[in-house]
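Just below is one structure, and these are the notes that go with it.
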Amino acid sequence: MNYSADGTFLGTDVLTEERADEFRTYRDTAMAHAVPFPEWWAKHGERRGKS
């Protein structure tokens, strides 16, 4: 997805089918390192404003 400097959505790039496996690998890597949000929030969510 493409955005301008002020955050306005400009559009998307449609990638070729040949690159699908590459992006599935990125997805799979992200999912392998993901933490359920409630678990993450319990550990990190209340740190706002603390040093």
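The values are calculated or read from the model by the stated rules, or taken from the named source; none is laboratory data. Everything numeric here is computed off the predicted structure, so don't read it as measured data. Just the protein is used for accessible areas: all its heavy atoms, side chains included, with ligands, DNA and RNA removed. Shrake-Rupley method; radii C 1.70, N 1.55, O 1.52, S 1.80 Å.
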Within segment 9-51, residues of a type in the set (Ser, Thr, Tyr), under 18 Å from the mean Cα position of the chain (by Cα) and not in a helix (DSSP H, G or I) come out as 12
So, of the residues in segment 3-16 that are at pLDDT below 95 and not β-branched (Val, Ile, Thr), which turns out to be most open to solvent (accessible area, probe 1.4 Å)? 13
